Amino acid sequence: MPFAVDSLSKTSLSKTMTMIGFAAALVRRADDGADATAIADAIVVAWQEIDAALSPIIGQRAVAALYRRGLSIIGQDYPWLSDTHEDVATLLDREAMRSALAQQSGAEAAAGGAAALQAFHDLLAGLIGPGLTERLLGSILENLERSENLERSSNRDISP
Amino acid sequence: MTTKVAITRLATGVPGLDEVLNGGLPEFSFNLIAGTPGCGKTTLAHQIMFALATPKRPAIYFTVLGEPPIKMLRYQQQFDFFDNEAINRSIHFINVTEETLSGELDLVLRRIAAEVESHAPGLVFVDSFRSVARAAQTDSSSNNRLQHFVQQLGILMTSWQATTFLVGEYLDESNPNPVFTVADGLIWLRQSVQRNSVVRKMEIIKMRGQPTLPGLHTFRISNAGIEVFAPLDANVVARDGGRTQSSASRMSVGLPQLDAMLGGGLPRGYSVLVAGPSGSGKSVLTSAFLAEGARCGETGVIAVFEQHPDRVRNRTIAALIENGQIAVVDSRAPDLSIDEIVSLIRTQVRRLGASRVVIDSLSGFELALAPTFQPDFRESMLRLVTALAAEGVTVMMTSELEDRYTDLRFSPYGTAFLTDVIIVQRYIEVESRLLRVMAVVKVRASVHSNELRLFSIRDDGIHIGGMLLDQEGLLGGRPTKRRMAECSSGSAKDAEPI
């Protein structure tokens, strides 16, 4: 299912411009023709950084549980993603996600990956509030968006 | 010049707690915040942390097993003191669940040490420490290991110049837990449950290096966080004394005839008990007292403990409240403690610089107290009167008194001896009319009238008339006419009937 950037602002419980920006950047990169592997790499890096920021604070089990819940929420639209996490896993299984993303088209991988991030973000914001979520993840997502945009522009420079 | 070390006291940011601690928390102390589940330990720890943490003096809050950090963050941010901007800047939450689950205390200690070295915090919190202790209890030597762990932690934190707080559920304070020995400070939170009432209490069992206020101090948790209602320091009462200096001067109660009966007005700083049956005019008298103060440029505070306080105020008082000359303490909070009430009144007295305080009524006040304090009402009254005397205010209290006619009493609480002045109001029956009489029963260290004077209540307040010299047996409620011809200087006509 293609991911519509507009749908983020309609469906999310709470959202920040940074999250939408990163998700939008992913989708644009896919539109530019980035393949699923490149998209998967970007998404896995994002999860790695989110995990690194949150696990010391709320515990790796809590991060893994929220991750799994997020995948379950988007499971109807992206069933290929919801099977990538064990029920009682204590760690976020990034490799399983990378593998699942890489098997999709670039656009589908970007849409599914962005939806998973957004679902996780909204769950967290619903639990600890958008303000604290922004405080904990805001700069990470900003940096991710910046990197994503840089990546996109450098790719364009190479192949106009 | 002294060569002794000077211990800095940290202001905790918890209203009332610094008074109980006698100046704040000693810097670099190793403290235990203990108590049963739900008594406010984590809230207290957070409130102190948010008050004290700065980028130069950052805090680390180690979360161990127990309340999941995500839920702790969810609920703690409901309090006003929780500042999102402080997170990851001056406050760092660090979860050590995995290390604790291993059961290896050395692993936990190493992780804590690594984080402390990395962030160089001035404040360290471990919540819940009981989880650490439980996780370590795998064999018979666990107590030794725990003691070793606590000592190592204490040494580590003190050398890193971190004021430390271990937060934990300790259900049995008599159990000699090694943590109790090592800790410099032991703050115990309790919940006293009686019937349907719950009162939160805090006790500073130990605080090395400084004398704290002994006893159980009530506290309340609101959206603003914890507020401790510190009792008035006995030294302050002794030092300030209030009325000993001011009793020489007198103030008007707003009724010239009553002033005369009091021997020339009310000595400043005195406490007055106005006792009488329902509807006899006690509240009207307190209104005259407050209104007279306002007329003289004084401010006042009225503490009401009635179900519908608006109904008992007359127009004059309502106007004075409106323009800020009188502050109202109208606490509808359930399960009040005497210290909370004193704190509420004292805050308003100090805000306005008030000289007159009215408590209307003691009966309502007793009902407003949590059941746990009601058996000690006389003691509560003493503390209230003492605290207000220390503020230097003149306080007028009303007391509902059942008119028994066979039993001459002035207070249903046996509290009459606590007050400096007693004014009693009674109903009497004369010529098929229910009339009111008033008398000054007591004015400490002062001459006063012993007359029983008729009075009436009109739209503009109390009017005091003369004595019923041709009647006797007034206090029995049904006076009879005296037969002496010379008794002609007063009659029921001196005062308007009701």
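The values are calculated or read from the model by the stated rules, or taken from the named source; none is laboratory data. As the structure is a prediction and not an experimental result, all values here were calculated from the model. Every residue, glycine as well, gets a Cβ built from its backbone with ideal geometry; the counts of neighbours run over all protein chains shown.
Per-structure values
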| quantity | calculated |
| --- | --- |
| One residue from A:Leu141, A:Leu150, A:Leu123, A:Leu137 being surrounded by fewer than 21 Cβ atoms within 10 Å (Cβ to Cβ) and more than 16 Å from A:Asp41 (Cβ to Cβ) | A:Leu123 |
| Test result for B:Thr12, among the polar types (S, T, N, Q) and touching a Ser or Thr at 6+ places or on another chain (Cβ under 8 Å) | no |
| Subset of the stretch A:101-136 (residues that are away from chain B (no Cβ under 14 Å) and part of a loop (DSSP other than H, G, I, E, B)) | A:Gln103, A:Gln104, A:Ser105 |
| Scan of the stretch B:21-35 for residues that are surrounded by 20 or more Cβ atoms within 10 Å (Cβ to Cβ) and not aliphatic (A, V, I, L, M), ordered by number | B:Pro26, B:Ser29, B:Phe30, B:Asn31, B:Gly35 |
| Any hit, the stretch B:481-488, residues being polar (S, T, N, Q), part of a loop (DSSP other than H, G, I, E, B) and modelled with pLDDT under 75 | yes |
| Residues (small (Gly, Ala, Ser) and within 14 Å of the chain's Cα centre (by Cα)) located in the stretch A:37-63 | A:Ala38, A:Ala40, A:Ala42, A:Ala46 |
| Within the stretch B:81-134, tally of residues that are within 20 Å of A:Leu127 (Cβ to Cβ), in contact with a strand residue (DSSP E or B) (Cβ under 6 Å, 6 or more places away or on another chain), among the acidic types (Asp, Glu) and within 10 Å of chain A (Cβ to nearest Cβ) | 0 |
| Members of the stretch B:66-80 found to be out of contact with any Leu (no Cβ under 7 Å at 6 or more places or on another chain), surrounded by fewer than 21 Cβ atoms within 10 Å (Cβ to Cβ), within 13 Å of chain A (Cβ to nearest Cβ) and assigned to a loop (DSSP other than H, G, I, E, B), listed by number | B:Glu67, B:Pro68, B:Gln78, B:Phe79 |
| Hits in the stretch B:81-121 (condition: assigned to a helix (DSSP H, G or I) and among the β-branched types (Val, Ile, Thr)) | B:Thr97, B:Thr100, B:Val108, B:Ile112, B:Val116 |
| Inter-residue pairs, beta-carbon under 9 Å, first hydroxyl-bearing (Ser, Thr, Tyr) and in the stretch B:190-216, second assigned to a loop (DSSP other than H, G, I, E, B), 6+ apart | B:Ser192/B:Leu216; B:Ser192/B:Ala370; B:Ser197/B:Pro334; B:Ser197/B:Asp335; B:Ser197/B:Ala370; B:Thr212/B:Leu21; B:Thr212/B:Asn22 |
| Filter result (in a loop (DSSP other than H, G, I, E, B) and more than 14 Å from chain B (Cβ to nearest Cβ)) within the stretch A:52-88 | A:Ile74, A:Gly75, A:Gln76, A:Asp77, A:Tyr78, A:Asp83, A:Thr84, A:His85, A:Glu86, A:Asp87, A:Val88 |
| Residues being crowded, with 20+ Cβ neighbours inside 10 Å and touching an Asp or Glu at 6+ places or on another chain (Cβ under 8 Å) - total across the stretch A:49-63 | 2 |
| Selection within the stretch B:31-54 - over 21 Å from B:Gly16 (Cα atoms) and either within 14 Å of another protein chain (Cβ to nearest Cβ) or modelled with pLDDT under 95 (or both) | B:Thr36, B:Pro37 |
